[in-house]
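The values are calculated or read from the model by the stated rules, or taken from the named source; none is laboratory data. Just so you know, these numbers come straight off a predicted model, no measurement behind them. Here the Cβ positions follow ideal geometry from the backbone for every residue, glycine too, while neighbour counts run over all protein chains shown. Accessible surface areas use protein heavy atoms only, side chains included; no ligands, DNA or RNA. Shrake-Rupley method; radii C 1.70, N 1.55, O 1.52, S 1.80 Å.
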Amino acid sequence: MSENPLFSPPVTFLGVPSGPPQASTRAAILGVPFDCGIHPFRIGSREGPAFVRAQSPLIRRHHPSLADFDILGALGIVDCGDVAGITPGKLREAHPKIEAAAGAILDAGAVPIGIGGDGSVSLPLMRAAAKRYPGLVALHVDSHTDAYPYNPDDPYDASNQFTHAAEEALVDASSTWHVGIRGFTGVPGVLKNADRLGFRVLTTEDLIRRGTAQAMAEFREVVADRPLYLCWDMDVFDPSVAPGVATPAWGGLTAREGIQLMRSLSGLNFVAADFNTVSPNHDVQNMAASLCAHMIMEFMVLLAGRFGMLK
């Protein structure tokens with residue numbers, strides 16, 4: 001249909017081909033238009049994938065000082081579209097479908113790059129990766145640990161996906177870091193619960209005091225070449241640069257600091273990733289969506305390095 005002059009092709013991330021992974025595909029975009037819908041007044045990250053795709057044409061495919069070639073073309077990137085048949089708010093029904101979609105990309109030999117959605121989508125994505133990569137480690141970049149205690153009668157939401165990841169042994173908690181944590185919380189004991197689960201927490205203050213390069217050099221020593229899942233919550237950025245997120249928290253990273261953090265992760269063995277919590281209903285001039293698209297492209301550069309494409 002895209003070849004018919006009467007129809008335009010579907011909107012994909014930066015115009016990459018739409019469809020399932022091919023033999024040459026090293027990574028694939030997967031939209032996950034889901035949020036739990038339980039916040040009292042700030043709901044909308046279910047629309048994040050569409051808006052990040054819409055803002056992606058502002059990004060270009062070449063980076064003169066990092067990767068002066070068509071990064072997406074070299075990686076054979078495709079956009080698989082959105083996970084089918086999921087309804088926001090119906091988490092128990094959505095999770096198996098999200099896991100299956102990510103699993104299909106992994107089984108094709110490609111790195112799934114999820115675009116959320118709220119943070120709850122990370123759990124089924126990690127489940128898919130953990131089944132195929134024993135010893136999985138996660139790097140969680142966020143203003144919240146998302147490792148909160150939960151009510152056994154209602155155990156799943158967007159604040160406890162890493163609690164479940166530890167309890168299900170999806171990730172090696174002792175080697176998994178939560179980076180950028182800051183701000184106020186609605187319940188006490190959040191850091192104690194992360195410590196109980198075995199996670200390492202690096203607050204925004206820690207990151208600034210130690211410096212990104214030094215802190216991430218230590219993480220690199222910990223993870224070495226083990227399979228790594230990157231979970232990047234856009235509220236790690238300050239609301240002044242990413243206002244349209246599910247749970248904003250003041251005192252976050254600038255755009256430059258976030259880019260520096262991403263670039264400090266070069267050479268690591270990424271096997272899956274997600275970028276989440278863009279909430280278009282609360283965005284200003286699509287700033288969070290545009291910055292999210294940029295961060296995905298920064299991650300593409302890391303993948304190009306992983307696959308030996310950088311000099």
query = Restricted to segment 214-240, and to residues that are among the β-branched types (Val, Ile, Thr) and open to solvent by less than 50 Å² (accessible area, probe 1.4 Å), which residue is farthest from residue 159 (Cα to Cα)?
reply = 223
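Yes or no, residue by residue, for (1) assigned to a strand (DSSP E or B); (2) in contact with a strand residue (DSSP E or B) (Cβ under 8 Å, 6 or more places away or on another chain):
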position	(1), (2)
215	no, yes
222	no, yes
226	no, yes
230	yes, yes
240	no, no
249	no, no
256	no, no
267	no, no
273	yes, yes
Residue count, segment 73-90 (criterion: open to solvent by 20 Å² or more (accessible area, probe 1.4 Å) and of a type in the set (A, V, I, L, M)) = 3
key: Counted residues, segment 115-135 - those being farther than 13 Å from residue 45 by Cα and either touching a strand residue (DSSP E or B) at 6+ places or on another chain (Cβ under 7 Å) or part of a helix (DSSP H, G or I) (or both)   = 12
request  = With the checklist (1) touching a Gly at 6+ places or on another chain (Cβ under 9 Å); (2) in contact (Cβ under 8 Å) with a residue 40 or more places away in the chain in hand, flag the one item residue 243 doesn't pass.
outcome  = (1)
key: Which numbered condition residue 138 fails, given (1) closer than 22 Å to residue 94 by Cβ; (2) open to solvent by 10 Å² or more (accessible area, probe 1.4 Å)   = (2)
ask   = Tell me, which residue of segment 245-261 that is of a type outside the set (Gly, Ala, Ser) and surrounded by fewer than 22 Cβ atoms within 10 Å (Cβ to Cβ) is nearest to residue 116 (Cα to Cα)?
value = 247
task = Might you let me know whether segment 165-188 holds any residue that is in a helix (DSSP H, G or I), within 17 Å of the chain's Cα centre (by Cα), touching a residue at least 12 places away in the same chain (Cβ under 8 Å) and surrounded by 19 or more Cβ atoms within 10 Å (Cβ to Cβ)?
result = yes
task = For segment 12-56, name all the residues that are hydrophobic (A, V, I, L, M, F, W, C), over 18 Å from residue 118 (Cα atoms) and surrounded by fewer than 16 Cβ atoms within 10 Å (Cβ to Cβ).
result = 23
Unmet criterion (only one of (1) open to solvent by 10 Å² or more (accessible area, probe 1.4 Å); (2) aliphatic (A, V, I, L, M); (3) over 30 Å from residue 282 (Cα atoms); (4) in a helix (DSSP H, G or I)) for residue 105 = (1)
